[in-house]
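Inspection log for the structure reproduced underneath, given as structure tokens.
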């Protein structure tokens, strides 16, 4: 079975601080992509960052970076210099080569950024 | 470029009725995927359409169906609605649904079944 586990249902961080959201996944496929999506209260799902499984270098997008540990099947998201606009649900997801259009999502982590 | 649009944004139906939701992908995108989001089950893949053909399907009953038109717009239909069908229905588009392509999501249609 292909699964994504996000063990932190809710997290809180103060503005300008750093926070790390955890994600583990399970798949028997060797070729896949991992994603972090953000869903603000307005509900529009937005891509935050993506990582190809074959790339060892961790992806970064401005204040967002990942720690990809392939052997451990771990894909955590680090948000640096947190901003109020980062308040949202964050979903970890992956897609495999065999089911290229089917995203498998975790249950999400609700992140609250406070003053 | 305009993003993915979905209509209607909100819908209230009663049990036993049927409903049709619409999704217009980003211009040039030919793949449209549908997802159901509920508090209990989270985000689940319904199906994907490409070139007017259903290419992938999730584990949903046959009451859930869809189609895609020649302009890549897609519709999703749910017949004989049940209370458990209350959910946010999201569609996402990508260029060709190929491996590695990013899916871009619409704002969703919130369906309430009474």
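What Kirkwood hydrodynamic radius, in Å, does chain B give when the mean of 1/r is taken over all pairs of distinct Cα atoms and then inverted? Show your work: numbers first, answer last.
Details: mean 1/r = 0.0718 Å⁻¹.
So the Kirkwood estimate lands at 13.9 Å.
Inside 10 Å of the C-beta atoms of A:105-111, what's the mean count of C-beta atoms belonging to other chains? Numbers along the way, then the final one.
Details: counts 6, 2, 4, 3, 0, 0, 0.
Averaged over the peptide's residues, the number is 2.
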How high is the relative contact order of chain A, given as a whole-number percent (alpha carbon pairs under 8 Å, six or more residues apart)? 38
On the formula 1/(1 + (r/R0)^6), with r taken between the Cβ atoms of residue B:60 and residue B:95 and R0 of 22 Å, the FRET efficiency rounded to 0.05 is 0.30
If I model a spin label at residue A:81 and residue A:56 as a point 7 Å from the Cα along the Cα→Cβ vector, what separation in nanometres do I get? 3.0
Between A:95, A:46, A:79, which gets the highest mean-square fluctuation from a Gaussian network model of chain A, Cα cutoff 10 Å? A:46
Please compute the average number of Cβ atoms from other chains found within 10 Å of each residue's Cβ in peptide B:94-105. 5
Geometric extent, Cα atoms of the protein assembly as shown - Rg, Dmax (angstrom): 17.5, 52
Where labels lie 7 Å past Cα in the beta-carbon direction, separation of residue B:86 and residue A:72 in nm: 4.1
Per GNM of chain A with C-alpha springs under 10 angstrom, the most fluctuating residue out of A:94, A:64, A:35 is A:64
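Let me know the whole percent of all Cα-Cα pairs from chain A that are separated by more than 16 Å. Can you show the working numbers first?
Numbers: 3700 of 6555 pairs.
Summing the P(r) of chain A above 16 Å gives 56 percent of all pairs.
How large is the Kirkwood hydrodynamic radius of segment B:35-85, in angstrom, based on all distinct alpha carbon pairs? Present the calculation step by step, with values, prior to reporting the outcome.
Working: mean 1/r = 0.0845 Å⁻¹.
By the Kirkwood definition, the hydrodynamic radius is 11.8 Å.
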Across B:52-63, the residue-averaged tally of Cβ atoms belonging to other chains within 10 Å stands at 1
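All of the numbers you see were taken from the coordinates with simple rules; none came from a lab. As the structure is a computational prediction, the values presented were derived from the model and not from experiment. Cβ: placed from backbone, ideal geometry, glycine included. Neighbour counts: every protein chain shown.
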